[in-house]
Amino acid sequence: MTSTTEERELSFTPAYQLAEMIRSKQLSPVELMEITLKRIKEINPKLNAYLTLAEEEAMKGVREAEKGINTGANLGLLHGIPVSIKDLVVTKGLRTTMGSLAYRDFIPDTEGTMVKRLKAAGAIIVGKTNAPEFGLACSTENKLGDPCRNPWNTERTSGGSSGGAAASVAAGISPLAQGSDGGGSTRIPACFCGVFGLKGSYGRVPKDVQSWGVSHVSCLDPITRCVKDAALMMNVLAGPDGLDYSCIRTAPPDFLKALDDGLRKLRIAWSPDMGYGVKVDPEVKSAVEAAVRVFADMGHEVEEAAPATGEPFDLWDVLVTTRFYLP
């Protein structure tokens, strides 16, 4: 086992670097998982980022991953890398609560394409992250236990509904986490926890046919500590799937190659109030303005503008309530 200092360094090492270290035999996937599980046990009682820990399954998975390295097998992009799954997504043989007491003891006997793709790429599921009941809140609280707390300040919320996923990544528990977003559920906790959450184009990542929350308008997303890790994860998750009628039929781009090719000059529109006068905290507005200046200083074309969409809340209420309509 590495020293505590080395453990901490590995806990915050980007996934793409960890994957390279594993492939070159500089790092054992077993050692990495032991560090991850140790960190969960130390930190999760304070954060409540995980509702279910898959310790036995994870250790079995990394031992198999270790054998694959030693036998020279073809290694996937995420071979031996720990990943968490949001507890709104079913996982075969692993408790899936949907953040609800009604599903407290539910253990699915199947799982969807996204989870299968992660496993096929060599990722090892370490556990299921906390979420509000059916994902229907912007803070991660439910009746299964204590709320998920922000790792920067445990008196604050981690946001929601992917609050456990974002808190786990920010706290250096897992380098990769799966989130989902219908009305901000990846973007809000990523913002609150200071990590990178990407809501891709609708249908870019296939999802299961499920009835929870706002799954009909949501996307399955990566939550990571850096952009390159999100690109790595998207290269695994994205692509057509015949089981999801809403999935984009064409092949996705190579997200990693797009980063390697460099960032072309962009036209960026931004708005301090989304065009309909939403109230913004002065500190938040100041931080956003500072970020906008960074893009302008990089040479991108930045303009203050907003689409004339009006307030979205009436439309959102219709989209949500129709999901629960029973004739």
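The values are calculated or read from the model by the stated rules, or taken from the named source; none is laboratory data. Everything numeric in this text was worked out from a predicted model, so none of it was measured. Counting neighbours? That spans all protein chains shown, and the Cβs are built from the backbone with ideal geometry, glycine included.
Data table
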item	result
From GLY80, GLY61, GLY72, GLY99, residue being crowded, with 21+ Cβ neighbours inside 10 Å and over 18 Å from VAL126 (Cβ atoms)	GLY99
All positions within the range 32-58 that are surrounded by 18 or more Cβ atoms within 10 Å (Cβ to Cβ), without any contact (Cβ under 8 Å) to a residue 60 or more places away in the chain and either touching an Asp or Glu at 6+ places or on another chain (Cβ under 9 Å) or more than 25 Å from SER162 (Cβ to Cβ) (or both)	ILE35
Matching entry among GLY277, GLY310, GLY299 (being in contact with a Lys or Arg (Cβ under 8 Å, 6 or more places away or on another chain) and either on the phi > 0 side of the Ramachandran plot or in a loop (DSSP other than H, G, I, E, B) (or both))	GLY299
Answer from ILE85, ILE22, ILE40 - the residue that is of a type in the set (Val, Ile, Thr) and in contact with a Pro (Cβ under 8 Å, 6 or more places away or on another chain)	ILE22
Residue tally, condition over 10 Å from the mean Cα position of the chain (by Cα) and either at pLDDT below 95 or not in a helix (DSSP H, G or I) (or both), over the range 157-174	9
Filtered residue count, the range 62-96, keeping only those that are in a loop (DSSP other than H, G, I, E, B), touching a strand residue (DSSP E or B) at 6+ places or on another chain (Cβ under 7 Å) and charged (D, E, K, R)	2
Some residue of the range 102-122 being surrounded by fewer than 19 Cβ atoms within 10 Å (Cβ to Cβ), of a type in the set (Val, Ile, Thr) and assigned to a loop (DSSP other than H, G, I, E, B)	yes
Residues that are of a type in the set (A, V, I, L, M, F, W, C), buried (at least 22 other Cβ atoms within 10 Å of the Cβ) and farther than 19 Å from PRO82 by Cα, drawn from the range 145-170	CYS148
Test: residue in the range 33-45 that is of a type outside the set (Asp, Glu) and either at positive phi or not in a helix (DSSP H, G or I) (or both)	no
Tally of residues being closer than 20 Å to ASP87 by Cα and either crowded, with 24+ Cβ neighbours inside 10 Å or not assigned by TED's automatic domain parsing to the domain that holds GLY112 (or both) across the range 207-229	6
PRO206 vs. criteria touching an Asp or Glu at 6+ places or on another chain (Cβ under 8 Å), part of a loop (DSSP other than H, G, I, E, B) and over 23 Å from PRO108 (Cβ atoms)	no
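Residues are listed down the side, and each one gets a yes or a no for (1) surrounded by 14 or more Cβ atoms within 10 Å (Cβ to Cβ); (2) among the basic types (Lys, Arg):
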| site | (1), (2) |
| --- | --- |
| ASP241 | yes, no |
| ARG249 | no, yes |
| PRO252 | yes, no |
| PHE255 | yes, no |
| ARG267 | no, yes |
| MET274 | yes, no |
| MET298 | no, no |
| VAL318 | no, no |
